[in-house]
Amino acid sequence: MAVRGNSIIKGIEISEIINLLNKAYADEWLAYYQYFIEAKIIKGIMKDAVIAELTLHAADELRHATLIADRIIQLGGSPLLSPQEWLKHTNCGYAEPKNFDVVAILQDSIKGEQCAISTYSTLADIVKDKDIITYNMVSQILADEVEHEEDLQALHDDIAEFVLDLKKSIG
Ligand SMILES: [Fe+2]
Ligand SMILES: [Fe+2]
């Protein structure tokens, strides 16, 4: 554990930061798997564009998990050691895909990103002015999640519009 590095944390217990980070760590692994499996099972119109986006997001969530695991270790904690722990500690849960259609998959994913945005926004408020390193990391991740929501929403709206136009032109 980085003694001097951790001595700059003030006004919050390090164990509390570790607990909060482990909950986010669980979210990231579940989000990674959700994107991974969605990209495999998705069906329907314009699915290739959606698969490309889902695959990019999966890589980002795995990168977030890596950042968080490294920070937990730096703080002297241990990242959750078993996948069974992910479902116990997650903030956002896991939305098992039930409907494999592109629009349903995008809607599930948008909900997930909205939960991630709320989670990281709360986490940023908690560590602000107390743990600058965690705050900076959380801010970067939060910016990614905001971008993720926007990318998915834009795809969703494009596809919805395309389908509407198609229906009109077919009559
Ligand atoms: Fe993430
Ligand atoms: Fe995300």
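Every read-out reported here was derived from the displayed coordinates using simple, explicitly stated rules and does not represent laboratory data. Only a predicted model underlies this, so the values are computations on that prediction, with no experimental measurement involved. Backbone-built Cβ (ideal geometry, glycine too); neighbour counts: all protein chains shown.
A few remarks follow.
- Computed from the Cβ-Cβ distance with R0 of 35 Å, the FRET efficiency linking Ile132 to Ala59 stands at 0.80.
- For the peptides 163-169, 103-109, 143-149, 42-48, residues were scored by their other Cβ atoms within 10 Å and the scores averaged per peptide; the highest-first order is 103-109, 143-149, 42-48, 163-169.
- Label zone at Asp70 (point 7 Å along Cα-to-Cβ), backbone N below 12 Å, the stretch 122-139: 137
- Charging the Cβ of each Asp and Glu at -1 and of each Lys and Arg at +1, and nothing else, the dipole of the stretch 38-171 about its Cα centre rounds to 420 debye.
- Exposure proxy shown here: for Cys92, Cys115, the number of other Cβ atoms within 10 Å sets the order, fewest to most, as Cys115, Cys92.
- For the stretch 74-83, putting each phi into the Karplus relation 6.51 cos²θ - 1.76 cosθ + 1.60 with θ = phi - 60° gives couplings of 4, 7, x, x, 10, x, 3, 9, 10, x Hz, in residue order, rounded to whole numbers and with x for Gly and Pro.
- A full extension of the chain between Asn99 and Ser15 corresponds to an added length of 26.3 nm, given 0.36 nm per residue minus the alpha carbon distance.
- Most to least packed among 118-126, 153-161 [average Cβ atoms within 10 Å]: 118-126, 153-161
- Net lengthening on full extension, Ile45/Ser118 (0.36 nm per residue, minus Cα-Cα): 23.2 nm
- The label point for Glu150 and the one for Lys111, both projected 7 Å from the Cα toward the Cβ, are 2.5 nm apart.
- Cα gyration tensor, the chain - rounded (a/c under 1.5), prolate or oblate: prolate
- For the chain, the longest principal axis of the C-alpha atoms and the axis of helix 14-41 are separated by about 20°.
- Extension gain, Phe36 to Glu161, is 42.4 nm, computed as 0.36 nm per intervening residue step minus the present C-alpha separation.
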